Amino acid sequence: MSAHTAPAGPVTATGTDARNVDGQAIAITVFSTVKWWGRLFLPLLFFFTARIPKLTGTLAKLSFIHFARWTIVKKLPYNGEPQVKQKLRYAHMYFESNFNGGWEEYIDAFSHILTRGMTAFWGSSYGFPKPLPTAPFKSYIQVNEIEADHYYSAYPEATSTMIQRALVLDEKLAPLKRDAERMDPDAFAAAYRAFLCDVQHCL
Amino acid sequence: MGSAANVSGQAYAFMAMTPVKPGEEDALATYLRGLRGRGPSPLAKLPRTHMARWLIVPDMPVAPRTHARDPLGGQYLLFTSNFDGDVDSYLHELVELMADEAAAIWSHCIGCPQPAEGAALKAYLHRNQVDSGFAFAAYGHASVARVKTALDKRARLVDFVVRAQAMAPAERREAFLKEFGSA
Amino acid sequence: MRPAAAPQLELPDIQGDILRAYGNRYARTTYVFVGVPDAAAGRAWLSGLVDRVTTAERWPRGHRPESTLNVALTCAGLAALGVSEAVRDSFSTEFRLGMAARADLLGDAGPSVPSGWDPGLGTGDAHVLVTINARSAEALRAALGELESGIAAAGLSVIHTEHGKLLGGAREHFGYSDGFAQPAIEGATEDRTPGGGVPLPGGKWRPLALGEFILGYGDEETRNDPTGRLPSAPDAPLGRNGTYLVWRKLHQDVALFRRALRDAAALYHGGDEEKLAAKVVGRWRDGTPLVRSPDAPDPGFNAKTPGGNDFRYAADEDGARCPIGAHIRRSNPRDALDVLIQKDPTDAGSQLSFRHRMIRRGMPYGPPLPDGVTEDDGEPRGLVFTCFVGSISRQFEAVQVQWLNDGNIFHLGHDKDFMLGDPDGTGKMTVQGDPPFFLGPQGCFVTTRGGEYLFVPGITALAAIADGVAG
């Protein structure tokens, strides 16, 4: 299912160019140039961030990101002429996010809530201002952001939170479905009520 | 290439950067930007794709004041995708199920096999893959199919819970079984 | 963080009614949109008006005027008065585009589309908004008579007039007391800090920076900037002591709203319609906040007493008292958004919402629908919603788009604010509890009938525009 023909749901993906948007989803794409020490520090940061769930706990709780990634580009494969055989002097950090909500609100949340994390991830990049105040930081991102030429989401009508809640809901629906068959109406009424209490924040 | 950092749950974060043939940058950008106006995204043909993007990297950024210039020597096509399962079978699906668009896109790149198709194109994308440093997935355990099913069920359940309030217990149970019993 | 000293307010240069409301003594508000066909004629007329404009200076005891007059301009109005394109370009993008151009973003769709708005609104024809507040019908008639003869004498035209009037009990048409939560502003309205300022972790509050609401001063971002950087503002002299004004005419289908409540309440715990009405808004009809008093209105409630508006949502994380989607919890979440991401909700401040506050003014229009009537009588009635903000996009639009028209940020899926309604008539609202209640279907209770983005100049700036020296 793809909804490139009509907007999917309410307009919430604001503050960015149309080509970065598919329904509720926004693409952000930023390269930054890494200082020498970042080459050593960033792999360690990535290693521990990937293995200690607590470190991404707030990111997960903010709940507006579907997928994000940080990638260090140190060299590019050579494909022969006429590709210029360029030896990169610096490492470059590629960041992309697939999120929902407004661009401004997204960056604000990063700056205000994930202040330390932002400094950890971008502190070794040239030109990186501190996450706060937000205006210089926003203009840093804007200057370095590359607009997508084509962006796709498989479920443009959905937000990350909605998906996560829908998955929980689906799991909790299964036992009720299974048991409903052999319940009398009153037993079902009690089970249904307990189910609603349990999943009311997923609906 | 098989860095574990590309994987989060069962979701894979793929990225390839391929050099664009000099002089063909505009044609490639025009083609990619035009995809949206020509119906569903070709990426919809790859049912394991959660989210994906193409963009053309003009050059690496130059930080103000530092003059840390590091020219790429040409523009690069960047393709990233977050999908389910392993990269090898995904790229296989990409060159098979999205063959026309894949050929139209990567033929603009240096070193792309001619014709741009099949195993040769797949090997080309593999060769130009850049491994992730850290990939975050909010629901990396769930496949696209699972996400879509869950969203659909949620929508039906939201509709049901409003309606069901007006039903007597027996009727409610019947309606619930009818709506969700076989699903 | 507080700066060493709050900025000195230049009250004689700031228009009245922005920082402090004129109050309920002024029971009548009339909005007159004026079209300016000729720049010189328009400026001459405006020159005559400058001295008549009510400023923010405090009135000496016993010298409360019978009527007040305030002036605001659309971007088309700036152009019509001869303000150069270069200067107009120094205003914010959304102001230059105007409200009608933002319809898709704002959700002004279906019956709310700008093509169906009242004649003259959202078309570029409305140039100057003159707002008159009056204490009596006679005072209003006198002020309007003077205004209209001035307009006619200058060869200008009246594009649209809207007469607002306070309803009994200072309620809006759906029957709720309104207007309790106004921001506490440094140096201006610090008396409202508990409940009106920024909630800090640990239960304290602090006032907001003046620049959030008045141009030319430090805002929450720049108040402590060592280089003295100020937020983006129009070129001098327009960028000081002014603000932006959002004006919206919102038609309310009172009968439909009453029927929706009545029908839903039949299925709600014991048929308690008043409780359900409170759940929709987050306050009982008299204004008592549900978080403070979930079972019944508090007869001792008075928003004006210290602490009357001092509450937050940390202790009601799951929405059992005040639903997560209640109108006041969405439009002014206090700590509610941060509560969603903190391990310990009592630690929550307002990092996700403190930049999105507005000074709300507004006035009902049209006659009330008599009590108990549940069929529409065809009378136009609703609310003229207005708010003053330093940034229309960050403050007004973000709230409208991210908080009211969609529920995702509150983890409520695509639920819209229930009271504002759903043009499709398909929405619902979850009233959390044991068991939860699902309020639906959500009708099209509120329809936009017109709107403009305006600039409220300071007095010096207004004089410069009138003199043709604004650039």
Which of the following residues is of a type in the set (G, A, S), at pLDDT below 95 and surrounded by fewer than 18 Cβ atoms within 10 Å (Cβ to Cβ): B:A99, B:A183, B:A104? B:A183
Kindly indicate whether C:F174 is at pLDDT below 95 and within 30 Å of C:G308 (Cα to Cα). no
Can you pull out every residue in region C:103-153 that is in a helix (DSSP H, G or I) and either in contact with a Phe, Trp or Tyr (Cβ under 8 Å, 6 or more places away or on another chain) or within 23 Å of C:G42 (Cβ to Cβ) (or both)? C:A143, C:L144, C:G145, C:E146, C:L147, C:E148, C:S149, C:G150, C:I151, C:A152, C:A153
For region C:12-35, check the following and say yes or no: at least one residue is among the acidic types (D, E), surrounded by fewer than 18 Cβ atoms within 10 Å (Cβ to Cβ) and modelled with pLDDT of 95 or more. no
The listed residue being surrounded by 19 or more Cβ atoms within 10 Å (Cβ to Cβ), in contact with a helix residue (DSSP H, G or I) (Cβ under 9 Å, 6 or more places away or on another chain), under 29 Å from C:D371 (Cβ atoms) and among the aliphatic types (A, V, I, L, M), out of C:A134, C:A188, C:A184: C:A134
Taking the options C:W284, C:W247, name whichever one is crowded, with 18+ Cβ neighbours inside 10 Å, within 16 Å of C:Y176 (Cβ to Cβ) and either within 14 Å of another protein chain (Cβ to nearest Cβ) or at pLDDT 95 or above (or both). C:W284
Could you please find all residues in region C:297-325 being touching a Leu at 6+ places or on another chain (Cβ under 7 Å) and either free of Cβ contacts under 8 Å to residues at least 60 places away in the same chain or at positive phi (or both)? C:R321, C:C322
When you check B:V162 against the structure, is it under 30 Å from A:F64 (Cβ atoms), without any contact (Cβ under 8 Å) to a residue 40 or more places away in the chain, buried (at least 19 other Cβ atoms within 10 Å of the Cβ) and in contact with a strand residue (DSSP E or B) (Cβ under 7 Å, 6 or more places away or on another chain), yes or no? yes
Mind checking whether some residue in region B:100-120 is acidic (D, E), more than 13 Å from chain A (Cβ to nearest Cβ) and touching a Gly at 6+ places or on another chain (Cβ under 9 Å)? no
Restricting to region A:67-100, count the residues that are in contact with a His (Cβ under 7 Å, 6 or more places away or on another chain) and more than 7 Å from every other protein chain (Cβ to nearest Cβ). 1
Hey, can you tell me all the residues within region A:150-172 that are touching a residue at least 12 places away in the same chain (Cβ under 8 Å), hydrophobic (A, V, I, L, M, F, W, C) and in contact with a Phe, Trp or Tyr (Cβ under 7 Å, 6 or more places away or on another chain)? A:I163
Please find, within region A:134-178, the residue that is surrounded by the fewest Cβ atoms within 10 Å (Cβ to Cβ) out of those that are more than 30 Å from C:S232 (Cα to Cα) and in contact with an Asp or Glu (Cβ under 8 Å, 6 or more places away or on another chain). A:K172
Helices (runs of 4 or more DSSP H) contained entirely in region A:23-120, each with at least 2 residues that are of a type in the set (D, E, K, R): A:36-51, A:103-113
Residues of region A:140-162 being under 17 Å from the mean Cα position of the chain (by Cα), part of a helix (DSSP H, G or I) and either more than 24 Å from A:V30 (Cβ to Cβ) or of a type outside the set (A, V, I, L, M) (or both), which ones? A:S160, A:T161, A:M162
Considering region A:32-50 alone, what residues qualify as being in contact with a helix residue (DSSP H, G or I) (Cβ under 9 Å, 6 or more places away or on another chain) and β-branched (V, I, T)? A:V34, A:T49
Which condition from (1) outside any loop (DSSP other than H, G, I, E, B); (2) aliphatic (A, V, I, L, M); (3) at pLDDT below 95 is the one that C:A86 breaks? (3)
Can you tell which of C:P294, C:P306 is modelled with pLDDT of 95 or more and surrounded by fewer than 22 Cβ atoms within 10 Å (Cβ to Cβ)? C:P294
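The values are calculated or read from the model by the stated rules, or taken from the named source; none is laboratory data. Worth saying up front: this structure is predicted, and the values here are computed from it rather than measured. So basically every Cβ, Gly included, is an ideal-geometry build from the backbone, and we count neighbours across all protein chains shown.
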